[in-house]
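Student: My structure is below; once you've seen it, I'll send some questions.
Nothing in this text is a laboratory measurement; each read-out follows from the coordinates by a stated rule. Note that the structure is predicted; figures quoted are calculated from it, not measured. In this analysis, Cβ positions are derived from the backbone assuming ideal geometry, glycine residues included, and neighbour counts consider all displayed protein chains.
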Amino acid sequence: MQTLLTRCRPVPAPSRQRGIALFVGMVFLVVLSLVAVIAMQSTFLEMRMATNVARHEEAFQMSDSMRGIMGPFLAANLLNSGWPVSWGGSAPDNDFDWSTVCPKASLPVSSANCPLVNTFETAIKAAPTALKQITGSLDVGEAPYAPSSWVTDLTLTQNNPSGLGKIAAAISVIPDSTLNLPGNNNAMSARYQGLGHGGGSVMQMFQVQSIGLSPSDGSNGRAVTIAQYGIFN
């Protein structure tokens, strides 16, 4: 009888797990998280920069446009020595011609059919000194050529065209100087002849500073524009 012998090989014991794959995975996860956080911070920074630029442009546009519309109001205030009775002033409403402010509005032009006149009327009534004669003398502490000393005479506020809150312009009006302008030769000759005709005119000069704010509380965009106005009197 033949006996078959089978050689059995021992089964190796399982090796100890050292967790290297888990460690590498955790490192990669941390690195990716850091990259994501840095990318988000960069995106937020760019968004804030873009917002700041937009706010500054809005503030500049508000400053420039509101300063630009001051001419007719200054002329009306100077000519009538005050504001309309309907605003709480002392000058008759009929003495004020706002057609240059809203040339396309139906006559008579008033705050009812001219949004800009309504905006100005609201600002005058809410001014620190209500119904102030803004073309009068300097306020206490103001110096003609020191804008930092100028007192805000009124603040014009409008809805932001972007739909985000309101934007505003703080206006300061400073009387500057008075210029005597010579008349033409015929007028001067008539005056010399004693006919009672004036030979020249007077121009009152003003410095107007407009500080644009976007939003209107001044927490972000701010722009300043200053111009000189001359009004015949």
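Student: If the viscosity is 1.002 mPa s and the temperature 20 °C, what translational diffusion coefficient in µm²/s does Stokes-Einstein give for the range 24-232 when Rh comes from Kirkwood over Cα pairs?
Tutor: Values: Rh = 20.3 Å.
Value of D from the Cα-based Kirkwood radius: 105 µm²/s.
Student: Need one number: nm distance between label points at residue 127 and residue 64, each 7 Å from Cα along Cα→Cβ, rounded to one decimal.
Tutor: With each label point 7 Å from Cα toward Cβ, the separation is 2.6 nm.
Student: Still on this structure, please answer the following. Label points 7 Å out from Cα along the Cβ direction at residue 205 and residue 226: separation in nm?
Tutor: 1.4
Student: Kindly list the residues of the range 61-94 that lie in the label zone of residue 176, defined by a backbone N under 17 Å from the point 7 Å along the Cα-to-C-beta vector.
Tutor: 64, 67-75, 78
Student: Related question: Using only Cα positions of the range 40-124, each an equal point scatterer, no hydration layer, compute I(q)/I(0) via Debye at q = 0.17, 0.21, 0.24, 0.25 Å⁻¹ and quote the log10 values to two decimals.
Tutor: -0.73, -0.98, -1.17, -1.24
Student: What are the aspartates and glutamates whose alpha-carbon lies under 17 Å from the alpha-carbon of residue 125, with same-chain residues fewer than 8 places away excluded?
Tutor: 93, 153
Student: Taking the Cα-to-Cβ direction at residue 20 and at residue 142 and moving 7 Å from each Cα, how far apart do the two end points lie in nm?
Tutor: 8.2
Student: Right, another one. On full extension of the chain, what length is gained from residue 35 through residue 54, given 0.36 nm per residue of separation minus the C-alpha to C-alpha distance? Spell out each step's value before the answer.
Tutor: Values: separation 19, 0.36 × 19 = 6.84 nm, distance 2.86 nm.
Contour length minus Cα-Cα distance gives 4.0 nm.
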